[in-house]
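Colleague: I have a structure here, written as structure tokens, and I will follow up with some questions on it.
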Amino acid sequence: MQELQRLENNTPPRWGIWVGAATMTLVLAVLFWATWKGQFAAPPGYLFNTPSQPVEAGYCLAVAQAIAPQGLPIRGFVPETADFWVKRLRSYGGDLGGAIAAGQAALGRDLAATSTLENSYLFNALEACSLRAINYGHHFRTIP
């Protein structure tokens, strides 16, 4: 009996339990909102000021093809990137050739307008395209 009274006297008041539970719920809600708001996601615009997702995919495919113009080796980071963008283009349907041509034309304009070396621009563009592929959910098997 004394043991039971001792346990009852050590319990916190009920209002303390409710305040603690409400505080924890509020903290979890704020943490969930902050995580949701701060997570990386595809930015609202498309890479390199392209007008649509198919043209963006065509641009990134053109970048991968420009880095390895004689044909891509069977394995490696660049062919994996090119394969991702080809699959992405196919998933959009419609005029694949038009999207690829528009992407190549945009890459040509950007290369003509850049003041950096062509190879430097291409590798920076490949990095941007690879990060976008990751934002779209691609998991690269190769390491650049």
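The values are calculated or read from the model by the stated rules, or taken from the named source; none is laboratory data. Bear in mind the structure is a predicted one, so any value in this text is a computation, not a measurement. When we count neighbours, we look across all protein chains shown, and the Cβ atoms used for this are built from the backbone with ideal geometry, even at glycine.
Colleague: Just need a number here: residues in segment 109-143 that are small (Gly, Ala, Ser) and closer than 19 Å to Val78 by Cβ. It would help to see each step written out before you state the result.
Modeller: Narrowing segment 109-143 to residues small (Gly, Ala, Ser): 112-113, 115, 120, 125, 128, 130, 133, 137.
Retained after the next criterion (residues that are closer than 19 Å to Val78 by Cβ): 120, 125, 128, 130, 133.
Qualifying residue count, segment 109-143: 5.
Colleague: For Asn135, state whether it is among the polar types (S, T, N, Q) and under 16 Å from Tyr46 (Cα atoms). So that I can check it myself, show each step before the final result.
Modeller: Numbers: among the polar types (S, T, N, Q): yes; under 16 Å from Tyr46 (Cα atoms): yes.
So Asn135 fits the description; yes.
Colleague: Over 23 Å from the mean Cα position of the chain (by Cα), at pLDDT 85 or above and not small (Gly, Ala, Ser): which single residue out of Thr25, Thr11 fits that description? Walk me through how you get there before you give the answer.
Modeller: Working: Thr11 fails: at pLDDT 85 or above.
Checking each option against the conditions leaves just Thr25.
Colleague: Here is a follow-up. Kindly indicate whether any position in segment 102-109 is assigned by TED's automatic domain parsing to the domain that holds Cys60, surrounded by 16 or more Cβ atoms within 10 Å (Cβ to Cβ) and either among the charged types (D, E, K, R) or farther than 13 Å from Val63 by Cβ (or both). I'd like the intermediate steps shown before the answer.
Modeller: So in segment 102-109, the residues assigned by TED's automatic domain parsing to the domain that holds Cys60 come out as 102-109.
If we keep only those that are surrounded by 16 or more Cβ atoms within 10 Å (Cβ to Cβ) too, we end up with 102-104, 106-107.
Checking the rest, the ones that are also either among the charged types (D, E, K, R) or farther than 13 Å from Val63 by Cβ (or both) come to 102.
Yes, there is a match, as at least one residue in segment 102-109 is assigned by TED's automatic domain parsing to the domain that holds Cys60, surrounded by 16 or more Cβ atoms within 10 Å (Cβ to Cβ) and either among the charged types (D, E, K, R) or farther than 13 Å from Val63 by Cβ (or both).
Colleague: Suppose we keep only residues that are among the small types (Gly, Ala, Ser), in a helix (DSSP H, G or I) and more than 12 Å from Arg132 (Cα to Cα) within segment 36-61. Which one would you say is modelled with the highest pLDDT? If you could, list the steps in order and put the result at the bottom.
Modeller: Keep residues of segment 36-61 that are among the small types (Gly, Ala, Ser), which gives 38, 41-42, 45, 52, 57-58.
Narrowing the set further to residues that are in a helix (DSSP H, G or I) leaves 38, 57-58.
Then keep just the ones that are more than 12 Å from Arg132 (Cα to Cα); that gives 38, 58.
Values: Gly38: 61, Gly58: 92.
Per the stated criteria, the residue is Gly58.
Colleague: Would you confirm, using the coordinates I've provided, whether Ala112 is over 17 Å from Pro54 (Cβ atoms), without any contact (Cβ under 8 Å) to a residue 12 or more places away in the chain and in a helix (DSSP H, G or I)? Give the derivation first.
Modeller: Numbers: over 17 Å from Pro54 (Cβ atoms): yes; without any contact (Cβ under 8 Å) to a residue 12 or more places away in the chain: yes; in a helix (DSSP H, G or I): yes.
So Ala112 passes the test.
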